[in-house]
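Novice: Once you've had a glance at the structure underneath, I'll fire off some questions.
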Amino acid sequence: MDQNQKKKAAAEAALEYVKSDMIVGVGTGSTVNFFIEALASKKNMIQGAVSSSDASTALLKEHGIEVFDLNEVASLDIYIDGADEITKHKHMIKGGGAALTREKIVAAVAKTFICIIDDTKHVPVLGKFPLPIEVIPLARSYVARELVKLGGDPVYRQGVVTDNGNQILDVHNLHIMEPTKLETQINQIVGVVTNGLFAQRGADIVLTGTDKGVIKE
Ligand code: 5RP
C-alpha cells in the first residue's frame, strides 16, 4: 500500500465512530479529505459537521454535508483529524496545513479526538517535523527571536495567510522532550495565536493505516 492508500484506509475506519444524528468535528488535510469523501455516504443519517478550515468547509459542502458554526453547537462527540507527527503518548504536532488554531479549538470542544494517520507519522520524539506556530503578523519577528531563545530555528512560511488572517512560523531543529511544557511556554509569547503542539489535548484514539490493515490504539 502506498501512503495515500494507508491514509484512505485510516479515514474510512473512522466512519465506525459516526453515529446517527451526530454533528461531526472535521479536521483538515489530505487524510481528512478521504474522511470527508467517506462521510458523504452517511450524510443522510448525521446532522452535519463543524469544520476546522475553509478548505474542509468547501469540501464538506461540495459533498452535500451541512456545516454548522461551532458557536451554534453546545457539544461535539467526536473530532476526526490527521497529524504530522504523533508519539506513543498520543501527543502530536499538527499544522502542516496551517489550520492549527481552528483545529485546536474544535478539538477542545470534542469529547473524543480520533486521529487518522498513515504509519509514517509515528515518532519516538516530536520535533523532526518543523513545529508550526500561528502568529499575529505584527509580532512575527519578535516571536521568532523568542523561539530562538527556546532553542528553535524559526522559518517564516512565505506566502501563507491562515484562515484567521495570520502568518505561520515553522520551528526547525526542536527535540521536544516535554511537549506539554513547551506548549505552554510558546503560548505565553505575546503575539502567538496558537502553536501546533497538541499535547495538553492529545488524541484519544489513533487509527493508523499500515500494510497489514488499520491498527487502532
Ligand atoms: C493541518 C494538519 C493536518 O492534520 C496535518 O498536516 C496532516 O495532514 P495530512 O493528512 O495531509 O498528512 O494539522 O493543519
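Novice: Residue separation times 0.36 nm, minus the C-alpha to C-alpha distance between S141 and K181: what's the value?
Specialist: Extra length from S141 to K181 when fully extended: 12.1 nm.
Novice: Separate question: Work out, in µm²/s and without decimals, the Stokes-Einstein translational diffusion coefficient of the range 1-100 at 20 °C, 1.002 mPa s, Rh from Kirkwood over C-alpha pairs.
Specialist: Taking Rh from Cα pairs, D becomes 155 µm²/s.
Novice: Which of the trypsin sites (Lys or Arg not before Pro) found in the range 1-107 are loop residues per DSSP with 11 or fewer other Cβ atoms within 10 Å of their Cβ?
Specialist: K88
Novice: Let me ask something else. What do you get for Rg/Rh of the chain when both radii come from the Cα atoms and Rh is the Kirkwood radius?
Specialist: 0.97
Novice: For q = 0.15, 0.20, 0.27, 0.31 Å⁻¹, what log10 I(q)/I(0) does the range 21-62 give under the Debye formula with an equal point scatterer on each alpha carbon and no solvent?
Specialist: So the normalised log intensities work out to -0.29, -0.52, -0.95, -1.21.
Novice: I've got another one for you. Averaging sequence separations of C-alpha pairs under 8 Å and six or more residues apart, then dividing by the length of the range 104-191, give the relative contact order as a whole percent.
Specialist: 35
Novice: Calculate how steeply helix 3-13 sits against the longest principal axis of the alpha-carbon atoms of the chain, using the helix alpha-carbon long axis, and give the answer as 0 to 90 degrees to the nearest 10.
Specialist: The angle comes out at about 60 degrees.
Novice: For the chain, which whole percent of the accessible surface, found with a 1.4 angstrom probe, sits on carbon and sulfur atoms?
Specialist: 50
Novice: Place a point 7 Å from Cα of D2 in the direction of its Cβ. Which residues in the range 15-44 have their backbone N less than 18 Å from it?
Specialist: Within reach of a label on D2: 30-35.
Novice: Return the single residue from G165, G152, G96 with maximal mean-square fluctuation; model: Gaussian network over the chain, springs between Cα atoms under 10 Å.
Specialist: G165
Novice: Provide Rg and Dmax in Å for the range 98-217, with only Cα atoms included in the calculation.
Specialist: So, for the range 98-217, Rg and Dmax equal 15.0, 48 Å respectively.
Novice: Something else now. Taking the solvent-accessible surface of protein heavy atoms with a 1.4 Å probe, what is the per residue accessible area of the range 1-123 in Å²?
Specialist: About 41 Å² of surface per residue is accessible.
Novice: Select from V193, V135, V160 the residue whose mean-square fluctuation is largest in a Gaussian network model of the chain (Cα-Cα springs shorter than 10 Å).
Specialist: Top of the fluctuation ranking is V160.
Novice: To continue, here is another question. Roughly what % antiparallel, to the nearest 5, for the DSSP beta bridges in the chain?
Specialist: About 50 percent, rounded to the nearest 5.
Novice: Report the relative contact order of the range 30-132, percent, no decimals, based on alpha-carbon pairs under 8 angstrom and at least 6 residues apart.
Specialist: The normalised contact order for the range 30-132 reaches 30 percent.
The values are calculated or read from the model by the stated rules, or taken from the named source; none is laboratory data. Since the structure is predicted, the reported quantities are computational estimates derived from the model, not experimental observations. Cβ: placed from backbone, ideal geometry, glycine included. Neighbour counts: every protein chain shown. Surface areas here come from the heavy atoms of the whole protein model, side chains and all, with no ligands, DNA or RNA. Shrake-Rupley method; radii C 1.70, N 1.55, O 1.52, S 1.80 Å.
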